[in-house]
1. What is the Cα coordinate range of the range B:128-240 on the first, second and third principal axes, sorted by size from largest, in whole angstrom?
2. More than 25 Å apart: what percent of Cα pairs in chain A qualify?
3. Could you give each residue of the range B:127-135 its phi-based ³J(HN,Hα) in whole Hz, using Karplus coefficients 6.51, -1.76, 1.60 with θ = phi - 60°, and x for Gly or Pro?
4. Mind grabbing the base-10 log of I(q)/I(0) for chain B at q = 0.10, 0.14 Å⁻¹? Debye formula, identical points on the C-alpha positions, no solvent, two decimal places.
5. Let me confirm one metric for peptide B:196-206, namely the mean number of other chain beta-carbon atoms within 10 Å of its residues' beta-carbons.
6. With N denoting the number of residues in the range A:111-182, provide Rg(C-alpha) divided by 2.2 N^0.38 Å, to two decimal places.
7. Inside 10 Å of the C-beta atoms of B:86-95, what's the mean count of C-beta atoms belonging to other chains?
8. Count, for each residue of A:145-155, the Cβ atoms from other chains sitting within 10 Å of its Cβ, then give me the mean as a whole number.
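Quick note: the coordinates plus some simple rules give every number you see, no bench work behind them. As the structure is a prediction and not an experimental result, all values here were calculated from the model. Cβ coordinates were reconstructed from backbone atoms using ideal geometry, including for glycine residues, and neighbour counts include every protein chain displayed.
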Amino acid sequence: MDYKLIYKYFKQTATYKIATGILADLYVFIETIGNIAYNGFHTCKFIIKGDINFKEVIEQCYRFGITSLPITLSIVGMTSVIVASQVASEMVKQGGSNFVGLLMTMLIVREVSAVMSGFAIISMIGSSLASEIATMKVTSQIDAMKVLNIDPIRYLFVPRILAGTMMMPIIVVIAGIVGVLAGAVTAHLSADLGYRAFFDSAWLGVYMKDLGVSLLKALAFGATIALVSCSTGYEATGGAKGVGIATTKAVVWSFVAIVIWDMVFAMVFFF
Amino acid sequence: MSIEVKNLVKQFNDKTVINDVSFKVNDGEVLAIVGFSGSGKSTILKLICELIKKDSGEIITPEGEDIAMVFQYSALFDSLNVADNIAFALHERKDLRNKYSEKDIKHIVAEKLELVGLKGIERKFPAELSGGMQKRVSFARAIVTEPKTILYDEPTAGLDPISSTLIEDYIVRLKEETNAASIVVTHQMSTITRTADKIIMLYDGKIVFTGTPAELLKQDTPYTKQFVTASLEGPMKIAA
């Protein structure tokens, strides 16, 4: 039997092409996970040693916290308006006006503030981190850094990941307050629900555990968005196309990572 | 102090891009690595400064001394101004971070900028500079740590003839002022003849000529003849 000939024809089949395509994607997937883990490990090493560029951390905190705040608050506020405008009038009609505040606050504290803030930060900051580092990579700026004996992980990753981890809880708390206020105003306008009735029930369904889990989520989301975005940018190759691919990858991977984190938190704390 | 490369080999995906290359550059000497595009010239520089790992061979560099590299497209940090670009290593490198005061750093930056003829542009950003000026700022950044080896990757590529001449003069001036061993990767004749003390020509990852600029211009071998006359006819074939 002429195995070489069989192999030659097999290579032209759709089965072979699909299988090699899947394997190539799987390879890229595993490689990306590996790179993120490797970069995360090295970042932790610098942080544990206290080898941190604090000036850069402050700059990145400003970028994470201040520049993203208007969009983050708008998204969380609007989500709250959308939910409250649909839920409040229906609940009031069904005689549940005493629970509108409870439901809205629980929803915002447990999910909306952290997850929607996460999505806003990914689209604003994650994409910009990835494209910035990818551009530095494809224009040899990172190579220049290495030749100058400066570790790009210390200079680029550590401040961004620290800033993401520190700023995200603050953003989530502010977004939560804005979300609850937006919900109260919307319930008042759409269902004529008094502010007193809203806030009297608002505290009933929110426990310290909810606030704690929300802050933990914020920490995890902030660190993950910064790490994933920096890592995908750092692995960029080629020119402008490579920067585009890295940015898309950062956004998609960060979104997926946040949803996975959210699922893990839900299963661990509320299952 | 000098830099020596012995039997260097590097493969990418089973293709040998550097094949048993050996050479030595002494202090205060400029070696030009010439050859057509894709002949492996820049790969040698990346191997020397360990941006990529060699497969086999030896690269002997001065122990504990810095190697500086001037990149083809300058590779200045575009979010930092000129002063911060030049002072980057002084601010960020572990062994230099606390060595100099801000006043000292300011003085060093001004001194290096003066050396490359760009006094007083400390606060400008790379995007505000011409290609030639960016290149000279990258020279200043490269020499800020007083390196004993300076690598130039196509320093005059994409520059007009007058800017090229200026850059070539600075390569010679830096060699004289720092007494560093320098390697210039180029395929421009003016850069070769104006800066190099000796030359190696690469083709297909191998050295096909070693000599001085004068020997290159003599066109004694089929390789030098083809290179100098920029002819399509000859032993060196360019991949279509």
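1. 42, 30, 23
2. In whole percent, the share of Cα-Cα pairs in chain A beyond 25 Å is 54.
3. 5, 8, 9, 6, x, x, 5, 4, 4
4. Per q value, in the given order, log10 I(q)/I(0) is -0.48, -0.92.
5. 0
6. Relative to the 2.2 N^0.38 Å estimate, the range A:111-182 comes out at 1.43.
7. Whole-number average of other-chain Cβ neighbours for B:86-95 is 3.
8. 6
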